[in-house]
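Novice: Got a structure for you, questions after.
Quick note: the coordinates plus some simple rules give every number you see, no bench work behind them. Quick caveat, the model's predicted, so the values are computed rather than measured. Positions of Cβ are backbone-derived with ideal geometry, glycine not excepted, and every protein chain shown enters the neighbour counts.
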Amino acid sequence: MKKCFLCNAIITKDNNTKEHIIPNALGGIKKVEGFICNNCNNETGHKWDSKFTKQLNYFSHFFRIKKERGKVQKQELITSSGKKYLEDLEGNLVPRHPTITKSKLDNNTTQFNIQVRDFNELDSQLKSLKKKYSELNIEELKKKAKIEHSYLDEPFIVNGTIGGKEEGKSVVKTVLSFCFSIGIEPTDCDEALEYLINDGVLSFGYYNEREVIKNRPAKKPLHIIHIEAIPDENLLIGYIEYFSIYKILVCLSRKYNGKKVSKSYAIDPTKAKEIKHLNIDISFLKSIDIDDVYNYKKIDYKKWKDDFSQIYGTRFREKREKNKNDAIERAIQKGLEKVGVNNIEQMTDFQKSFFSSIVANEIVNYLRVNNLL
């Protein structure tokens with residue numbers, strides 16, 4: 001008879017649920033049944049998982065993960081001066097909120113400048129204005145609207161910090177659910193249960209002092225869960241990575257008296273594909289190491305920075321190359337529009353010179369703003 005690991009309710013066909021071991025919002029694909037009842041699944045999903053996955057949404061968005069259900073949301077980015085934008089998966093930025101500026105012209109008329117994310121939002125803003133200015137012709141104004149591209153002249157501020165009480169519980173729940181999927185009962189994970197159910201002592205900490213994957217795939221942002229039971233130390237430990245950057249050790253129990261276990265599960269969230277045959281070993285850990293992990297004494301900050309640069313840098317270079325190619329394409333299209341032809345073959349020599357100067361100015365502007373000159 002299976003029971004919910006949180007509320008101890010008997011799992012039936014009516015309250016059973018398929019729980020993503022790694023949350024769907026992070027690209028998780030493997031599920032487990034008979035682990036948590038539907039009510040607790042909904043509650044922990046809202047209280048724990050949603051808060052944790054929101055902290056990692058920048059990376060889900062940046063690496064363009066594939067989700068089993070739903071789409072990766074646009075990412076809010078904030079500039080150093082506090083301006084807010086939304087970025088889609090193609091790298092396009094739009095203002096976080098619509099803006100309307102109002103100015104008086106010399107002929108005593110009022111001019112509005114409306115900046116919106118799309119034409120649906122423009123329609124909404126114009127309808128709101130029409131309530132006050134009944135003479136507005138919405139359809140004529142919509143015809144005058146145009147899409148403009150510009151480049152930011154200030155950097156974004158990215159917060160790479162994760163953590164928090166509820167967020168931490170999401171991490172521990174993930175490890176516990178994988179334990180259950182490989183046949184380890186939650187009751188064998190006393191420290192994790194005490195932390196999750198009774199707000200007990202913190203049962204996890206960051207760990208990257210030593211490389212634990214002997215055949216790690218290079219430059220891949222993987223999600224990894226590994227369970228290691230070390231009977232000689234009475235230890236049951238979970239090791240988890242998100243995007244191959246955040247590496248966390250979870251102590252499930254220091255009273256474990258079962259058999260030796262060494263099981264792993266890894267996925268490439270950018271492809272929604274399981275990665276098999278990773279050689280992971282944390283059997284060298286001792287019980288005395290756990291408190292050091294909790295007290296941040298098992299973190300190599302230089303290694304963390306190197307890992308971050310390698311994983312993040314590879315994708316950043318891909319993204320920068322795409323942005324450059326998009327900028328060149330926009331420059332060519334703007335040149336064609338200004339000259340008034342569909343292709344270069346139709347241009348006169350004068351038009352070609354004019355076209356070249358427009359394209360060159362656009363590309364130089366892109367390179368200047370992105371500090372590539």
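Novice: Can you tell me which of Pro186, Pro98, Pro231 moves the most in a GNM of the chain? Springs connect C-alpha atoms under 10 Å apart.
Specialist: Pro98
Novice: Also: Pop the C-beta distance of Asp306 and Lys259 into the FRET formula with R0 = 35 Å and round what comes out to the nearest 0.05. Write out the running numbers ahead of the final one.
Specialist: Details: r = 37 Å, r/R0 = 1.05.
It comes to 0.45.
Novice: Hey, another quick one. What is the sum of charges around Gly91, taking Lys and Arg as +1, Asp and Glu as -1, for the other residues whose C-beta is under 9 Å from the C-beta of Gly91? Display every interim value, and only then the final one.
Specialist: Values: positive: Lys319, Lys322; negative: Glu87, Asp88, Glu90, Asp326.
Once all neighbours under 9 Å are counted, the net charge is -2.
Novice: Would you compute, from DSSP H runs of 4+ residues alone, the mean residue ellipticity of the chain at 222 nm, taking -39500 (n - 2.57) per run and dividing by the full residue count, rounded to the nearest 500?
Specialist: -11500 deg cm²/dmol
Novice: Which distance in nm do the two modelled labels at Ser353 and Thr99 give, with both placed 7 Å along the Cα-to-Cβ direction?
Specialist: 3.9
Novice: Order the peptides 56-64, 106-114, 206-214 from the highest to the lowest mean number of other Cβ atoms within 10 Å of their residues. Numbers along the way, then the final one.
Specialist: Details: 56-64: 19.7, 106-114: 9.0, 206-214: 17.2.
Peptide ranking by packing, descending: 56-64, 206-214, 106-114.
Novice: Could you work out the relative contact order of the chain? I mean the mean sequence separation of Cα pairs under 8 Å and 6+ apart, divided by the number of residues, in percent. Numbers along the way, then the final one.
Specialist: Numbers: 564 pairs, mean separation 48.7, N = 373.
Taking the mean separation of contacting Cα pairs over the length of the chain, I get 13 percent.
Novice: Sum up the charges of everything whose Cβ sits under 11 Å from the Cβ of Lys297, counting Lys and Arg as +1 and Asp and Glu as -1, but leave Lys297 out.
Specialist: On the way: positive: Lys298; negative: Glu209, Asp289, Asp291, Asp292, Asp300.
Taking every other residue near Lys297 into account, the sum is -4.
Novice: Rounded to whole Hz and in sequence order, give me ³J(HN,Hα) for the range 177-187 from the Karplus expression 6.51 cos²θ - 1.76 cosθ + 1.60, θ = phi - 60°, writing x for Gly and Pro.
Specialist: In residue order, the calculated couplings are 5, 5, 3, 4, 5, 9, x, 9, 6, x, 5 Hz.
Novice: Mind listing P(r) for the range 17-59? All alpha-carbon pairs, 5 Å bins, whole percents.
Specialist: Histogramming the range 17-59 at 5 Å steps yields 6, 24, 29, 26, 11, 3, 0 percent.
Novice: Please find the FRET efficiency linking Asp118 to Ser80, where r is the Cβ-Cβ separation and R0 is fixed at 35 Å, and quote it to the nearest 0.05. The partial results should precede the final answer.
Specialist: On the way: r = 26 Å, r/R0 = 0.75.
Calculated value: 0.85.
Novice: What percentage of all Cα-Cα pairs in the chain are separated by more than 38 Å? All intermediate terms of the calculation are to be shown ahead of the outcome.
Specialist: Numbers: 25594 of 69378 pairs.
In whole percent, the share of Cα-Cα pairs in the chain beyond 38 Å is 37.
Novice: Beyond 17 Å, how much of the Cα-Cα pair distribution for the range 1-121 remains, as a whole percent? Present the calculation step by step, with values, prior to reporting the outcome.
Specialist: Details: 5021 of 7260 pairs.
Looking at the range 1-121, the distances longer than 17 Å represent 69 percent of pairs.
Novice: Between Ile157 and Glu33, what is the spin-label point distance in nm, taking each point 7 Å from the Cα along the Cα→C-beta axis?
Specialist: Taking the two extended label points, one gets 4.8 nm.
Novice: Take the chain, connect every pair of alpha-carbon atoms lying under 10 Å apart with a spring to form a Gaussian network, then pick out the residue of Ala229, Ala360, Ala25 with the largest mean-square fluctuation.
Specialist: Of Ala229, Ala360, Ala25, the most mobile in the Gaussian network model is Ala360.
Novice: Residue-wise, which Karplus ³J(HN,Hα) couplings in Hz belong to the range 33-50, taking 6.51 cos²θ - 1.76 cosθ + 1.60, θ = phi - 60°, and x for glycine or proline?
Specialist: Once θ is set to phi - 60°, the couplings for the range 33-50 become 10, x, 9, 9, 6, 4, 5, 5, 4, 5, 5, 6, x, 6, 7, 9, 5, 5 Hz.
Novice: Once the convex hull of the alpha carbons of the range 312-369 is built, what does its volume come to per residue, in cubic angstrom? Don't skip to the end; give the middle numbers.
Specialist: Working: hull volume 4.2 nm³, N = 58.
Once divided by residue count, the hull of the range 312-369 is 73 Å³.
Novice: Here is a further query. Gap in Å between the Cα centre of the range 225-251 and the Cα centre of the range 268-301?
Specialist: Their Cα centres are 5 Å away from one another.
Novice: Report the full-extension gain for the segment Asp199 to Asp106: residue separation times 0.36 nm, less the Cα-Cα distance, to one decimal in nm. Could the numbers behind the result be given before it?
Specialist: On the way: separation 93, 0.36 × 93 = 33.48 nm, distance 6.65 nm.
Difference between extended and current length: 26.8 nm.
Novice: Moving on to the next point. Please give the length that would be gained between Lys130 and Ile299 if that part of the chain were fully extended, namely 0.36 nm times their separation in residues minus their C-alpha to C-alpha distance (nm, one decimal).
Specialist: Length gained, Lys130 through Ile299: 54.9 nm.
Novice: Taking the Cβ of Asp307 as the center, what net charge do the other residues with Cβ under 11 Å away carry, scoring Lys and Arg +1 and Asp and Glu -1? Please list the in-between numbers first.
Specialist: Working: positive: Arg216, Lys219, Lys247, Lys302, Lys303, Lys305; negative: Glu211, Glu241, Asp300, Asp306.
Within the 11 Å Cβ shell, the charges total +2.
Novice: Please identify, among Ser177, Ser356, Ser128, the residue showing maximal mean-square fluctuation in a Gaussian network model of the chain using a 10 angstrom Cα cutoff.
Specialist: Ser128
Novice: Using 7 Å Cα-to-Cβ label points, what is the Cys7/Arg368 separation (nm, one decimal)?
Specialist: 6.3
Novice: Hey, what D do you get for the range 162-299 in µm²/s if you plug the Kirkwood alpha-carbon radius into Stokes-Einstein at 20 °C and 1.002 mPa s? Working shown, then result.
Specialist: On the way: Rh = 15.0 Å.
Taking Rh from Cα pairs, D becomes 143 µm²/s.
Novice: If you take the alpha carbon radius of gyration of the range 55-116 and divide it by 2.2 N^0.38 Å, what ratio comes out, to two decimals? Walk me through the numbers on the way to the answer.
Specialist: Working: Rg = 17.2 Å, N = 62, 2.2 N^0.38 = 10.6 Å.
With N residues counted in the range 55-116, Rg over 2.2 N^0.38 Å equals 1.63.
Novice: Relative contact order (percent) for the range 84-153, with alpha-carbon contacts under 8 angstrom and 6 or more residues of separation? Write down the numbers at each step before the final one.
Specialist: Values: 58 pairs, mean separation 12.6, N = 70.
Relative CO of the range 84-153 lands at 18 percent.
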